[in-house]
Amino acid sequence: MACTCLLIYARTDLITQICINQQDTSERNHKVHLMAQIYCACIYIVAGLDVSSSRAAQTYPKNENAANTEAILGNRYFTHLWIVQEVLLPCMVFIMCGNIWIDWDALLKSALRAGYVEHPTLSPIVFLLTYDFCYVEPYRTRDPHLLINLLRQFSGMGCEDSRDKLCDMLGLIAEKDRPVVDHGNTVEDVYLDAIRTIGPFSLMDASVWWSQDLPLRMGISLAPTVPLRLFSTDLFAHGPKGSKAYLYWSLQDICFEKGGSTRQSLDRWWYEYDGVWHYYDCLSPMEASTDS
């Protein structure tokens, strides 16, 4: 049976922390899969903004100017990554601040008039407003570039656990394309899950974004990020050219390996091709600090 309404407040992250045992990896893994089902079952949600936007909200219905629009879009609610699937998966979303209702479409039009699509901090929110709740299953199945577009637009938003940069997006892609969620994995492992899910052709189109910007956004430190450019260039250079299938061999044969006292070596990325292992050492912390 469908859930009629779900009220989402700006501090829902605290309720999530209470309802889900954050120390229990198996419980966290299980609940991640349930969230998409819950939001898809909602007919609509009510996004409750905190009081920081109350003055702008009170005058907004009669004065949809740039200042009021910026004050509403700058609300703490819109800074969280987890709101992306919460507002895209239900059929409808209504915004409420105190006792004031704010029309979603009116907020979008005001944001576009104010030019906030190019705003350094508000542009992801404007992009979110324009999606218009189109993530039904047939659409998700037809769009092979959906995840990379979502990561490009929203991975800069905030979350408690950097591994959720991927996990909080998975409810928006086709179920058959979702990797297995394991909060016991390292951020590097989760990054490689994102790479496998995105697919090689999207990665090539994304240029250096996926080997530089994305890992840093996902919480990978600079030292492991530096060798990714060469790693990716060599990775995609293998295989018979002209074949659209040749890139797919590599995605299951890539790994990140931690160094340590047993190996007395640095962290490294590696991939295997045709029985040969190719290794790419990460920088030491001192080298990374110098390189930056």
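Every read-out reported here was derived from the displayed coordinates using simple, explicitly stated rules and does not represent laboratory data. Since this is a predicted model, take the numbers as computed values, not measurements. A quick note on method: Cβ atoms are made from the backbone with ideal geometry, for glycine too, and the neighbour counts reach across all protein chains shown.
Observations on the model:
- Between residue 212 and residue 189, the C-beta separation translates, for a Förster distance of 22 Å, into a calculated FRET efficiency of about 0.75.
- A cut-off of 5 Å between modelled amide H atoms, ignoring neighbours fewer than 5 places along the same chain, links residue 95 with 47, 102, 104.
- Cβ-based net charge around residue 55, under 14 Å, with every Lys or Arg adding one and every Asp or Glu removing one: -1
- Most to least packed among 94-101, 166-173, 271-278 [average Cβ atoms within 10 Å]: 166-173, 94-101, 271-278
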